[in-house]
Amino acid sequence: MNEGPKGGRSLRDILRLKGYPVDWRQYTGGHDDFVWRGALAGGMLALFGRAPG
């Protein structure tokens, strides 16, 4: 079930209320290559950080 942006914002708010760190970015577009191409690298960095060195 896709709740769209409202569902994502609700999850963001709940996680923040529970004290989890949240890095939130909302993009205009769908789940296609064009949107994911730019967002995937940023998301991976937010999850795992940069490699040491």
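Each value in this text was obtained by applying a stated rule to the coordinates, not by laboratory testing. All figures in this text were calculated on a predicted structure; none of them were measured in a lab. Positions of Cβ are generated from backbone atoms using ideal geometry, with glycine treated the same way; all protein chains shown enter the neighbour counts.
So here's what we get for this one:
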item: At most 12 other Cβ within 10 Å, DSSP loop - trypsin sites (Lys or Arg not before Pro), the chain; result: 18, 25, 50
item: 3J(HN,Hα) from dihedral phi, region 7-15, Karplus parametrisation 6.51/-1.76/1.60, rounded to Hz, x for glycine, proline; result: x, x, 5, 5, 4, 4, 5, 5, 4
item: In sequence order, calculated HN-Hα J values of region 27-35 (Karplus, 6.51, -1.76, 1.60; Hz; x Gly/Pro); result: 10, 8, x, x, 8, 10, 3, 4, 6
item: Percent of Cα pairs exceeding the 16 Å cut-off, where the set is the chain; result: 55 percent
